[in-house]
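Comments concern the structure below.
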């Protein structure tokens, strides 16, 4: 029970520590070769998914399809009666893993091509400084940030995928 209380307070502190702050500048290139800078300031909200360690990969993989289906995939020829929410947001996955450059080719080969424009390699970023600035204490879990149009952090979710966490991301976009 004591462990649960400590973990819960850590998660609340992480969320509160970042909410309202401007997301740090991160420069990189997508897997399809396009330059990208975070935060993206193109008049849209941005969802940023970050993994700081390879141990965060399994939890992150649980998020990828729901994130893709909700925020990226655009069905062609959808019906006028389709009541699903359509979000016009930026989405970027940032594997800020030490030595990512060494495994980037393998990572790219193991990733579907449709994801490439959304995956950012940050070859020149100081991972430790960014992790500290974002208050990401546990590098073995993934972090998900919703940024407003100006790059301010609206919501932070961490860890394994749940429908409630996904709903929190969607609600932040809708606000």
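A short reminder: the numbers here are calculations on the coordinates, not readings from a lab. Treat the numbers as computed from the prediction; the structure is a model and nothing was measured. Note that each Cβ is placed from the backbone with ideal geometry, even for glycine, and that neighbours are counted across all protein chains shown.
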Exercise. Ranked by Cβ crowding within 10 angstrom, fewest neighbours first, how are 60, 169 ordered?
Worked result: 60, 169
Problem set entry | Gain in span if fully extended, residue 162 to residue 106, counting 0.36 nm per residue against the direct Cα distance | 17.3 nm
Exercise. Residue 170 to residue 88: extension gain in nm, 0.36 nm per residue of separation minus the Cα-Cα distance?
Worked result: 28.4 nm
Problem set entry | Spin-label pair residue 57/residue 73, simplified geometry with 7 Å Cα→Cβ offset, distance in nm | 2.3
For this session: Starting with the fewest neighbours, write out 86, 141, 119 ranked by other beta-carbon atoms found within 10 Å of each beta-carbon.
Result: 86, 141, 119
